[in-house]
Amino acid sequence: MRRNAGYTLIELLIAVAIMGLLFGIGLPRLSRLRAPYAMAGATRQIAADIVAARQRAISRNTSYRVNFNAAAKTYRLERLVGVAWTADGAVQRLPNGVSIGTITPGNPVFDSRGLSAADVTIPLTATGATSKTVVVNVLGRTTIS
């Protein structure tokens, strides 16, 4: 009797075809799993940068704001120098798929005491994930809902 020590070429081709089919079906589903993590990371990063802007306003005794650009999906910290706003740090980009909604009433601005003129609401949406909102109250407290 002769023993078969391996697989035939046909068996290997069928196995590779099945693995390719499963990979092709599973890959789009894996990309949808990324959206909630991107949304959570974006909201936490924005909240942390808003808190940083407030702390810088207090420690440097000047006004700070977080300037959002919804079209470019970016934001950056800016400080008031004289009568003009100047950049205080690099431009921060949102993760792919996350976008900024209409910020009401406008970009959050903190005075030298760390207070905001009004409550600010920053809505964020992501494809394949629920929307979240970053809220800054007049005392500078930042929450994610």
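The values are calculated or read from the model by the stated rules, or taken from the named source; none is laboratory data. Owing to the predicted nature of the structure, the values given are computational and were not obtained by experimental measurement. Cβ coordinates were reconstructed from backbone atoms using ideal geometry, including for glycine residues, and neighbour counts include every protein chain displayed.
Restricting attention to the stretch 66-75, the residues being crowded, with 18+ Cβ neighbours inside 10 Å and either closer than 12 Å to GLY140 by Cα or of a type in the set (A, V, I, L, M) (or both) number 1. Identification of strands (runs of 3 or more DSSP E) wholly contained in the stretch 65-109 with 2 or more residues that are closer than 17 Å to ARG44 by Cα and among the hydrophobic types (A, V, I, L, M, F, W, C) yields 98-100. Of the candidates ALA53, ALA17, the single residue that is in a helix (DSSP H, G or I) and surrounded by 11 or more Cβ atoms within 10 Å (Cβ to Cβ) is ALA53.
Quick grid of which residues meet (1) crowded, with 16+ Cβ neighbours inside 10 Å; (2) more than 14 Å from ALA57 (Cα to Cα):
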{"residue": "ALA84", "(1), (2)": "no, yes"}
{"residue": "LEU94", "(1), (2)": "yes, yes"}
{"residue": "GLY97", "(1), (2)": "yes, yes"}
{"residue": "ILE103", "(1), (2)": "yes, yes"}
{"residue": "ASP111", "(1), (2)": "yes, no"}
{"residue": "LEU124", "(1), (2)": "yes, yes"}
{"residue": "THR127", "(1), (2)": "no, yes"}
{"residue": "GLY140", "(1), (2)": "yes, no"}
{"residue": "THR143", "(1), (2)": "no, yes"}
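Of the numbered criteria (1) closer than 17 Å to ALA42 by Cβ; (2) at pLDDT 95 or above, the one GLY128 fails is (2).
Does SER63 meet the test of being farther than 18 Å from LEU124 by Cβ, at pLDDT 95 or above, surrounded by 15 or more Cβ atoms within 10 Å (Cβ to Cβ) and polar (S, T, N, Q)?
On the way: farther than 18 Å from LEU124 by Cβ: yes; at pLDDT 95 or above: yes; surrounded by 15 or more Cβ atoms within 10 Å (Cβ to Cβ): yes; polar (S, T, N, Q): yes.
Answer is yes for this residue.
THR125 meets all of the listed conditions (1) among the β-branched types (Val, Ile, Thr); (2) without any contact (Cβ under 8 Å) to a residue 24 or more places away in the chain; (3) part of a strand (DSSP E or B) but one, namely (2).
The set of residues from the stretch 3-14 being modelled with pLDDT of 80 or more and in a loop (DSSP other than H, G, I, E, B) comprises TYR7, THR8.
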